[in-house]
Amino acid sequence: MIYLNGKFMPIEEAFVPVLDRGFIFGDGVYEVIPVYSRQPFRLTAHLKRLQHSLDGIRLNNPFSNDVWKKILEQVIINNEGEDQYLYLHITRGVAKRDHAFPENVLPTIFIMSNPLLQPSQELLKSGASAITAVDNRWIRCDVKAISLLPNVLLRQLAVDVHAVETILFRNGFLTEGAASNIFIVKEEILLAPPKSNLMLPGITYDVVLELAEDNQIPYEIREITETEVSIADEILLTSSTKEIMPITLLGNKPVGDGKPGELFKRLHALYQEYKATRMRE
Ligand code: PLP
């Protein structure tokens with residue numbers, strides 16, 4: 001069952017008018033929240049990022065955090081599966097087509113849940129492949145906007161060559177993946193690009209840095225060049241649905257020795273432990 005504008009219904013019965021500004025302009029924002037054992041993971045942080053995205057497009061938040069929590073609880077109850085991921089989508093609503101914001105229009109609010117599938121054991125054992133591309137998106141990548149055409153095209157470049165992700169560089173510096181954050185490891189130090197308007201502040205990115213801090217794993221947050229990525233000992237990809245994944249092939253070149261590295265194994269194990277013990281915040 002999905003949630004659309006205050007009602008629960010089967011997805012087949014959910015329709016939005018063609019004049020919805022999400023459809024016409026891509027005028028909206030979204031969030032993706034993992035649910036483990038029927039409990040949302042890092043919910044407060046996801047709702048905070050949702051507020052940041054709404055502020056970024058000058059759209060009022062339709063609900064308080066308490067109301068969001070109640071609705072999301074209901075979505076989880078109305079869907080099967082211990083592990084799910086919630087997709088929340090808010091647009092500026094339905095109005096006569098005009099770029100300027102409409103007045104007195106209610107936002108469209110859509111929430112669905114899908115099963116959360118962990119990356120396969122094979123993928124975690126062998127690692128995944130990625131390619132690189134120039135980051136040609138807009139300069140508000142910190143806003144989780146539904147207008148994802150550049151991300152779609154960049155991700156397809158990876159799919160075309162059977163890779164899992166496209167790693168992006170702007171002016172020679174690492175930003176993130178088409179749908180993930182990227183870390184590298186060099187000489188046992190975890191390196192993360194700094195948060196800015198050029199990347200999405202990943203919730204999983206924050207968890208990884210907290211795990212590094214709490215477990216005495218040396219890390220640095222700083223600009224990372226394309227050359228550094230090309231000679232990294234390890235490359236790690238993070239996202240709410242993929243958690244932490246090792247990238248072992250970059251283009252045609254193995255990363256490090258071509259196998260998932262020690263720091264990946266450690267962080268992946270710590271992440272699994274963290275999920276099991278500190279689910280809510
Ligand atoms: N960067 C982009 C462009 C994304 O689309 C995503 C999530 O899908 C991420 C980073 C990772 O963010 P999170 O860890 O909050 O899922």
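Each reported figure results from applying straightforward, stated rules to the coordinates on display, with no laboratory input. If you're wondering where the values come from, they're calculated on a predicted model, not measured in any experiment. Using ideal geometry, Cβ is built from the backbone for each residue, glycine included, and neighbour counts are taken over all protein chains shown.
Computed from Cα atoms, the angle from the helix 65-77 axis to the main principal axis of the chain rounds to 80 degrees. Compared with the dominant principal axis of the Cα atoms in the chain, helix 43-56 is inclined by about 70°.
Note on residue 48: lysines with a C-alpha under 18 Å away, same-chain residues under 8 apart excluded, are 69, 70, 144, 195.
Remark on residue 167: its backbone amide H falls under 5 Å from those of 131, 132, 133, a criterion applied only to residues 5 or more positions apart or on other chains, H modelled at 1.01 Å from N.
Please report 23, 41 as a ranked list, fewest other C-beta atoms within 10 angstrom at the top and most at the bottom.
Least to most surrounded, the residues fall as 23, 41.
Across 262, 187, 73, mean-square fluctuation computed from a Gaussian network of the chain (C-alpha pairs under 10 Å connected) peaks at 187.
Under the criterion of Cα pairs below 8 Å and six or more residues apart, the relative contact order for the chain equals 20 percent.
Taking the chain as a Gaussian network of alpha-carbon nodes connected by springs under 10 Å, the highest mean-square fluctuation of the residues 86, 123, 200 belongs to 123.
Computed from backbone phi with θ = phi - 60° and the Karplus coefficients 6.51, -1.76 and 1.60, the 3J(HN,Hα) list for region 257-273 is 8, x, 10, x, x, 5, 5, 4, 4, 5, 5, 5, 5, 5, 5, 4, 5 Hz; x is used for glycine and proline. Taking 19 Å as the straight-line reach from the Cα of residue 125, the lysines in range (excluding those fewer than 8 positions away in the same chain) are 242, 253, 259, 265.
Karplus-derived 3J(HN,Hα) values for region 129-139, using 6.51 cos²θ - 1.76 cosθ + 1.60 with θ = phi - 60°, are 10, 9, 10, 10, 7, 6, 6, 10, 7, 6, 9 Hz; glycine and proline are entered as x.
Calculate the all-directions average of the projected area of region 1-99's alpha-carbon convex hull, and give it in nm². Before the final figure, lay out each step's value.
Values: hull surface 25.8 nm².
Result: a mean projected hull area of 6.4 nm².
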